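**Student:** One structure coming up, written as structure tokens, with questions to follow.
Since every read-out is calculated from the coordinates, none of them should be taken as a lab result. Just so we're clear, the structure is a prediction, and the values are computed from it rather than from any experiment. In this analysis, Cβ positions are derived from the backbone assuming ideal geometry, glycine residues included, and neighbour counts consider all displayed protein chains.
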């Protein structure tokens, strides 16, 4: 079975750095999507600890790291590539996500195709 998302080597290396510096022992990162920003949603990252994770999370293990995906975010992330970008002015995880229909000008929030479908068919 194909993983829900693909993690680049650069993203995996940054996850490893984050986990080494984590304030408490963490085994991976958890990705969720929350309502925020002018486009409606943003990606949220938290440290993942085995005892604190819902059983409904989807685990993706690639390039030596574990990414847990919140159940409610899974349909929005399917087919995505998670990368890490550092251009000197701004750094962070970035997604090449086929489910995104638009993003705000600052790049902090996105709107998903699914949102548009829900708006047109209440």
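**Student:** Put a dot 7 Å past each Cα toward the Cβ at residue 22 and residue 56; how far apart are the dots in nm?
**Tutor:** Here the modelled spin labels are 2.2 nm apart.
**Student:** State the three equivalent ellipsoid semi-axes of region 16-86, derived from the C-alpha gyration tensor as the square roots of 5 times its eigenvalues, in descending order and whole Å.
**Tutor:** Working: eigenvalues 80, 44, 34 Å².
Its equivalent ellipsoid spans semi-axes of 20, 15, 13 Å.
**Student:** Find how many whole Å separate the alpha carbon centroid of region 57-96 from the alpha carbon centroid of region 1-25.
**Tutor:** 8
**Student:** At 0.36 nm per residue, and after removing the present C-alpha to C-alpha distance, how many nm does the segment from residue 9 to residue 34 gain when stretched out fully?
**Tutor:** Working: separation 25, 0.36 × 25 = 9.00 nm, distance 2.56 nm.
Working it through step by step, the gained length comes to 6.4 nm.
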